[in-house]
Every structure is written in C-alpha cells, then in structure tokens.
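What follows is a set of notes on a single structure, which appears directly below.
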Amino acid sequence: MKTIKSFFILTLLFALGYGTYFYFHDTAAPATQLSPNSGSITKKTPITLTLNDEASMLAHVTVLLIQDGKTVEILNKEYPENTPAAREQIDLSKQFLKDGLLTLQITSRDRSIYHFGDGNSATTSFQLLRDTRPPVISILSRAHNLTVGGSGIVAYSIGEVVENSGVQIGDYFFPGHQQLSGDYLCLFSFPYNADPEEIPRVIATDEAGNQGIGGIYYRLRQPKFIVDQIKIDDRFLTNKMPQFQDQFPQAETPLEVFLSVNRTLRPQNRAWLSDVAAMTSDSFVWSKSFLRQPGAANRANFGDHRDYIYQGKKIDQQTHLGIDLASIARAEVPATNNGTVVYTDFMGIYGQCIIIDHGLGLQTLYAHLSTMAVEVGDIVERGQIIGRTGATGLAGGDHLHYGVIVGGVPVNPIEWWDKNWVRNNITSKLQLSSEQ
Ligand SMILES: [Zn+2]
C-alpha cells in the first residue's frame, strides 16, 4: 500500500514537473513574416521571408508555391543549431507562372522539445497577385508646342487602375489628374533649367510597380533669355539684409548675408513651392484668360539671367523666375484669375506673399506685398483685390513680383496672359479628356 502511494505521488510530481517545464518553456512556432505579404507583385519584386524564434531556435523551413492547383517546393532548408533568426530571399523569377493569384505556403519548425522533440511547427499562407503587364497609355492630345520655361498640357487614358501617372522630364515629375471621364490631364512645364535634350514622356506606374511609358509628339523652342547686370550697393545691403540676419548667424557682413540668401534661401524657397503645389484641385476653376496688373510696367522678365555686381566685381548670379511689375507704391494687386488661396505668409526672399491655386497644379504667386487682404481657404475671383504691393523680402523697391507656377516649377507668365496661346495650347486640349 505504501509503495503504491509513493509511486502515485512520484508520478504526480513527475507529471507536474514535466508539465510546468513545458508550461514555462517555448510552445510557440517561429514568427513568420513575408514582405510583401499581400497585394501585387511583378517579375522583379523582391520577396523576403523573415523567421524568428529566439526561445527555441530555428530548425527547418519549407516554402511551397501554389498556383492553379500546381504545387512546387521552392525552398527546403535545415538551420544549424543556435540560429535565432533567418532571412530568406524568395526567388520566383525561374518559376513558370501566370499573371493572377498565387499562394506561398510557409511551414517553419523550431528546436523546442515540445511535441516529444518534434518542435513547434506552423504553416502560414500568403496570397499575392502576380501582375507583369505595364499599364498601357494612350495619348489623346496631339501637337504639343513647348518652349523652354513654358507650359503645356497632355490628355491621356490608361488601360488599368494605376498608383500614379504624369509627365517626366529629366528629374522633374508633374502628376496627372484623373477627370470624371476616367481620362487624365497633366499640366506640365519644360523647366527653364532642364536640358533641352530631355524628352518629355507620360509614365504610369501600377500597384505592382510595372511602369508604362507613352511618347508625346512635341516641338521645343528655346527662347533667348536676357542677361542683365544688377548693381548691389551698401545702401541696399544695410537696408535689406537685417531681416535675414537671424537665419544666417554665421554671416559677418551684410554682403555675406546677401550671398547666403541667394545660395541657401532661394533653393529652400523653391522646395517649399513644390510642397504648396500639392494643394491643388483636379480641374481648372477658371475659364477667362489671366489678368495683367493694370498700369504696371515690366521691370524684369521671366528667365532673365542676372549677374550681381558689387564694387565693380561679379559676386553671384541667379535666374529671375517671375515678372516684376511696378507702378505706384502700395498699388492694389488683383487676383489674376479665379482660384483658391493656398498660402498667405512671409516666405524668405518673397517677403509677404500669397499663392492662389487655379487647379491641375497651376498656381500664381504674388510677392513682396505690404498688406494681404485674403486668408488661406478663401475663394477669390479674377480681378478681386488681394493685397497691396510693397518691398518685403528681397526687393530693392516697391513692386509686385508675379509668378506662375506649374507643379511647383516657376514658368513664364507671358504665355498665360496671351488669350490665343491659352486657347491653342491649353483649353482646346481639355475637352479631349471628356470626348470619345
Ligand atoms: Zn522679381
């Protein structure tokens, strides 16, 4: 009787200990992650499998590829002892696959002595959509007469749903906007500083990453830009530089501040323009031509190359990317067309400035203002007074620096003041996206 009792207690203790051991020991299979773990893939999409089991270490993995009822083993790997984690590249490029759904079934096992030494094992399945066909782009608009520094618009359709599309010229990308008809419009510029050898193309990228390319028929004119000399004197420097001094504390003289403004602040201001460009509506919100500020004289044109001369020597050079209009001091500034105010604040060289969005990435900029009479979100009408001219920012005297921006890139405003140009090159191409 005593022996039976001892045996029973012993068995109980043993069972308890065994159970406790496993209770506190690892009972989970290796953590399995696949990247991407859903969505679309192309022939080239890298697929990475990550396995992790720090508690019991990895033992083994198999990967099965399943499509249309056919199963192929594409990975079968034993891990050496003490492998806590592993990363495997899943290569599908040598497999015969069709476009469409496929499944990757991953079975992994660890070295836990659970399951009488077989370890913890788990099988996870991931579904991916194989898509290897690039989007097909049809260009709907025909002749595109472009000028370096000018604007153009292209209408196109795409044969499938895409992640993004637009016009690429060298490093510049102008996003297209889908219209109610399903077709796209992309307003773009042949940028003033792009290599004239660059070829504008429509590109579209689908979710899988396949890229389609559409060629545009175009002619490119290279205008002659004026070379101008601007004399910088101490009076200008001592007058205008203190407002920028705090941004360049290491600059010791007003001249050094000026050079920092030109070389650092200008590029920053242009980067800011591309951020503002994203705040645009998907269609034009105007129909009449763009106004020119009445009674104002052109003091500087778009694309003017400026050499800055200080004490007889050239100290810097810049390109003027708007038109300077001067009349009387504190002259009224009208909105040049219907739009939505997307910016009203002080911004670097522009001083107090307003940006109005006219849709499809087209925006107008009014800089060096003394007063501003609108707020962000205001809907303004062509001719509505939005502020008064001034000399805030980097301005030698009271004037309006008027800029037209396309997708964040300054363009020549002269084209947009020309009714015939706007009709022939822009508005006549708009209805192409709604016909068919
Ligand atoms: Zn200017």
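The values are calculated or read from the model by the stated rules, or taken from the named source; none is laboratory data. None of these values were measured; they are calculated from a predicted model. Every residue, glycine among them, receives a Cβ derived from its backbone with ideal geometry; neighbour counts consider all protein chains shown.
Do you know which residues across segment 355-399 are within 16 Å of the ligand (Cβ to nearest atom), part of a loop (DSSP other than H, G, I, E, B) and small (Gly, Ala, Ser)? Once the filter is applied, which keeps residues that are within 16 Å of the ligand (Cβ to nearest atom), part of a loop (DSSP other than H, G, I, E, B) and small (Gly, Ala, Ser), segment 355-399 yields Ser370, Ala391, Gly393, Ala395, Gly396, Gly397.
Looking only at segment 358-402, residues that are within 20 Å of Val261 (Cβ to Cβ) and among the β-branched types (Val, Ile, Thr) come to 1 in all.
All of Gly176, Gly149, Gly170 fail the test of being in contact with a Phe, Trp or Tyr (Cβ under 6 Å, 6 or more places away or on another chain) and within 16 Å of Gly215 (Cα to Cα), apart from Gly176.
Conditions (1) more than 16 Å from the ligand (Cβ to nearest atom); (2) more than 30 Å from Lys419 (Cα to Cα); (3) assigned by TED's automatic domain parsing to the domain that holds Ile354; (4) assigned to a loop (DSSP other than H, G, I, E, B), marked per residue:
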site	(1), (2), (3), (4)
Asp275	yes, no, yes, no
Phe284	yes, no, yes, yes
Gln293	no, no, yes, yes
Arg299	no, no, yes, no
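Residues in segment 330-350 that are out of contact with any strand residue (DSSP E or B) (no Cβ under 6 Å at 6 or more places or on another chain) and within 16 Å of the ligand (Cβ to nearest atom): Ala331, Gly348, Ile349.
Just to be sure, is Asn338 buried (at least 19 other Cβ atoms within 10 Å of the Cβ), more than 19 Å from Ala271 (Cα to Cα) and touching a residue at least 24 places away in the same chain (Cβ under 8 Å)? Criteria met by Asn338. Selection over segment 213-242 of residues that are surrounded by 14 or more Cβ atoms within 10 Å (Cβ to Cβ) and free of Cβ contacts under 8 Å to residues at least 24 places away in the same chain gives a count of 2. Against the condition within 30 Å of Arg201 (Cα to Cα), of a type in the set (Ser, Thr, Tyr) and at pLDDT 95 or above, how does Thr132 come out, does it pass? Answer is no for this residue. Do we have Gln384 as modelled with pLDDT under 95, surrounded by fewer than 21 Cβ atoms within 10 Å (Cβ to Cβ) and polar (S, T, N, Q) here? Considered against the rule, which asks whether it is modelled with pLDDT under 95, surrounded by fewer than 21 Cβ atoms within 10 Å (Cβ to Cβ) and polar (S, T, N, Q), Gln384 comes out as no. Residues in segment 400-415 that are of a type outside the set (D, E, K, R) and outside any strand (DSSP E or B) were compared, and the one that is farthest from the ligand (Cβ to nearest atom) is Gly407.
Scanning segment 100-112 for residues that are at pLDDT below 90 and either of a type outside the set (S, T, N, Q) or within 19 Å of Gln33 (Cβ to Cβ) (or both) gives a single hit, Arg111. From the list Thr264, Thr253, Thr280, the lone residue that is modelled with pLDDT of 90 or more, polar (S, T, N, Q) and over 30 Å from His177 (Cβ atoms) is Thr253.
If you go through segment 260-270 and keep only what is out of contact with any helix residue (DSSP H, G or I) (no Cβ under 7 Å at 6 or more places or on another chain) and crowded, with 17+ Cβ neighbours inside 10 Å, you end up with Ser260, Asn262. Within the set Lys77, Lys43, Lys70, the sole residue that is outside the structural domain of Gly209 (by TED's automatic domain parsing) and touching a residue at least 24 places away in the same chain (Cβ under 8 Å) turns out to be Lys43. Checking each residue in segment 139-175 for being touching a helix residue (DSSP H, G or I) at 6+ places or on another chain (Cβ under 9 Å), assigned to a loop (DSSP other than H, G, I, E, B) and surrounded by fewer than 22 Cβ atoms within 10 Å (Cβ to Cβ) picks out Leu140, Ser141, Arg142. Considering only segment 305-328, state which residues are within 16 Å of the ligand (Cβ to nearest atom), surrounded by fewer than 19 Cβ atoms within 10 Å (Cβ to Cβ) and not in a strand (DSSP E or B). Selection gives Ser327 alone.
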